[in-house]
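K.L.:
My structure is below; once you've seen it, I'll send some questions.
The values are calculated or read from the model by the stated rules, or taken from the named source; none is laboratory data. None of the values given here were measured: they were computed from a predicted structure. With ideal geometry, Cβ positions are generated from the backbone for all residues, glycine too; neighbour counts draw on all protein chains shown.
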Amino acid sequence: MRTVLVALAANVIAALAKTAVALVTGSTAMSAEAAQAFADTGNQVLLLVAQRRSGRPADERHPLGYGRDAYFWALIASVGVFVTGALFSLREGIVELVHPTKAGSFLAAYLVLAVAAALDFVSLVQAMRQLRSEARSLQRDLLAHLQLTSDPTARAVFAENAAAFLGDVVAALGVALHEATGSSAPDGIAAVLIGLLVAGVGVQLARRNHDFLLGEPVAESTRARVETFLRQFPGVEDVRELVVTFVGPRQVRVLARVDVDDNLRGDEVERLVTSIAEGLEQESEFVVRVDVVPVGRPAPGTGTAATSS
């Protein structure tokens with residue numbers, strides 16, 4: 001929540017300041033930056049909605065909970081980055097290249113971009129601090145965790161603020177070249193580059209949220225640890241099938257079909273299943289549901305397992 005609120009505050013201030021300067025200077029690059037800042041502000045609001053809605057407890061209609069609601073709203077937010085930020089910036093840049101305009105008050109643009117870059121950097125550092133802390137606890141490096149994390153909020157804030165910071169640099173270069181050469185072409189090119197940068201971020205975020213909506217599996221190393229736990233559990237002869245997927249940010253469901261000892265009585269099988277579920281939940285705070293299906297040995301020559309009750 002702190003990460004999102006810091007990003008939201010930074011984007012609101014930057015959006016208002018960049019809009020004012022864009023109107024004063026007539027700079028296309030500043031207009032593109034203002035559009036990106038407003039798009040990021042809207043995205044932070046949607047990410048707050050995602051956090052609130054995904055935290056609701058399971059009920060009869062949604063027995064697995066509402067965790068994946070986070071990915072739905074994050075997907076809407078990532079599409080918003082592409083539509084409102086990228087397309088506007090691309091349009092402004094192309095129009096500027098085709099129909100050049102004059103710009104002035106360059107000093108105001110430099111000052112606002114410097115302040116915006118500082119705000120974006122502060123927000124970026126906050127997101128990096130959160131991601132590094134999570135990556136350290138999971139024994140990953142930062143880049144790997146950025147790709148694998150099940151938290152769409154931290155990923156979005158990091159990506160958007162990294163893009164915003166780079167956009168500030170590109171816009172400053174465009175304005176500086178405009179002032180130095182007297183040509184508005186660098187301004188237009190800067191706006192196009194900002195649009196492409198925002199589009200790339202939006203597409204990547206949308207792709208990852210789509211993956212988690214479909215049921216992203218956990219990392220292979222995590223799945224291997226779950227399988228090792230099952231195979232070493234007393235009474236388990238074999239693991240026939242194992243599905244370990246995310247059902248929300250830091251929320252994992254385990255579905256396992258296990259071959260149990262044929263000598264176990266019915267009540268002993270029930271206790272075994274209960275013990276496995278409780279053991280996995282104790283092993284990791286991220287495991288929110290465990291479904292263990294005991295199966296018998298496959299019939300000779302069939303290769304299939306008969307489910308026992």
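K.L.:
I'd like the full set of residues that are surrounded by fewer than 19 Cβ atoms within 10 Å (Cβ to Cβ) and in contact with a helix residue (DSSP H, G or I) (Cβ under 7 Å, 6 or more places away or on another chain), limited to region 231-252.
P.N.:
233, 235, 239, 242
K.L.:
Something else: In the set 77, 58, 35, which member is surrounded by 22 or more Cβ atoms within 10 Å (Cβ to Cβ) and either within 16 Å of the chain's Cα centre (by Cα) or within 30 Å of residue 215 (Cβ to Cβ) (or both)?
P.N.:
77
K.L.:
Go through region 177-187 and count every residue that is out of contact with any Gly (no Cβ under 8 Å at 6 or more places or on another chain) and touching a residue at least 40 places away in the same chain (Cβ under 8 Å).
P.N.:
5
K.L.:
Are there any helices (runs of 4 or more DSSP H) wholly within region 68-170 with 1 or more residues that are under 13 Å from residue 36 (Cα atoms), and if so which?
P.N.:
Output list reads 69-80, 87-98, 106-137.
K.L.:
While we're looking at this one, here's another question. Mind listing whichever residues of region 253-268 are surrounded by 14 or more Cβ atoms within 10 Å (Cβ to Cβ) and closer than 17 Å to residue 231 by Cβ?
P.N.:
Once the filter is applied, which keeps residues that are surrounded by 14 or more Cβ atoms within 10 Å (Cβ to Cβ) and closer than 17 Å to residue 231 by Cβ, region 253-268 yields 254, 255, 256, 257, 258, 259, 260, 264.
K.L.:
Any idea how many residues of region 2-39 are part of a loop (DSSP other than H, G, I, E, B) and either among the charged types (D, E, K, R) or not assigned by TED's automatic domain parsing to the domain that holds residue 175 (or both)?
P.N.:
Within region 2-39, residues that are part of a loop (DSSP other than H, G, I, E, B) and either among the charged types (D, E, K, R) or not assigned by TED's automatic domain parsing to the domain that holds residue 175 (or both) number 0.
K.L.:
Residue 269 is checked against (1) assigned to a helix (DSSP H, G or I); (2) in contact (Cβ under 8 Å) with a residue 40 or more places away in the chain; (3) touching a Gly at 6+ places or on another chain (Cβ under 9 Å) and fails just one. What number does that condition carry?
P.N.:
(2) is the only condition that residue 269 fails.
K.L.:
Here is a further query. In the list 172, 191, which residue meets the criterion of being over 23 Å from residue 79 (Cα atoms) and in contact (Cβ under 8 Å) with a residue 12 or more places away in the chain?
P.N.:
Checking each option against the conditions leaves just 172.
K.L.:
Suppose the filter is part of a helix (DSSP H, G or I), modelled with pLDDT of 90 or more and either touching a helix residue (DSSP H, G or I) at 6+ places or on another chain (Cβ under 8 Å) or not acidic (Asp, Glu) (or both); does residue 223 pass it?
P.N.:
yes
K.L.:
Another question about this same structure. Determine, yes or no, whether residue 28 is polar (S, T, N, Q) and closer than 29 Å to residue 213 by Cα.
P.N.:
Judged against the criteria, residue 28 is not a match.
K.L.:
Here are the criteria: (1) touching a residue at least 24 places away in the same chain (Cβ under 8 Å); (2) more than 18 Å from the chain's Cα centre (by Cα). Tell me which single one residue 98 does not satisfy.
P.N.:
Only one criterion in (1) touching a residue at least 24 places away in the same chain (Cβ under 8 Å); (2) more than 18 Å from the chain's Cα centre (by Cα) is unmet by residue 98, namely (1).
K.L.:
Among the residues in region 143-164, are any within 18 Å of residue 91 (Cα to Cα), surrounded by fewer than 19 Cβ atoms within 10 Å (Cβ to Cβ), of a type in the set (A, V, I, L, M, F, W, C) and out of contact with any Lys or Arg (no Cβ under 7 Å at 6 or more places or on another chain)?
P.N.:
Looking for residues that are within 18 Å of residue 91 (Cα to Cα), surrounded by fewer than 19 Cβ atoms within 10 Å (Cβ to Cβ), of a type in the set (A, V, I, L, M, F, W, C) and out of contact with any Lys or Arg (no Cβ under 7 Å at 6 or more places or on another chain), one finds none in region 143-164, hence no.
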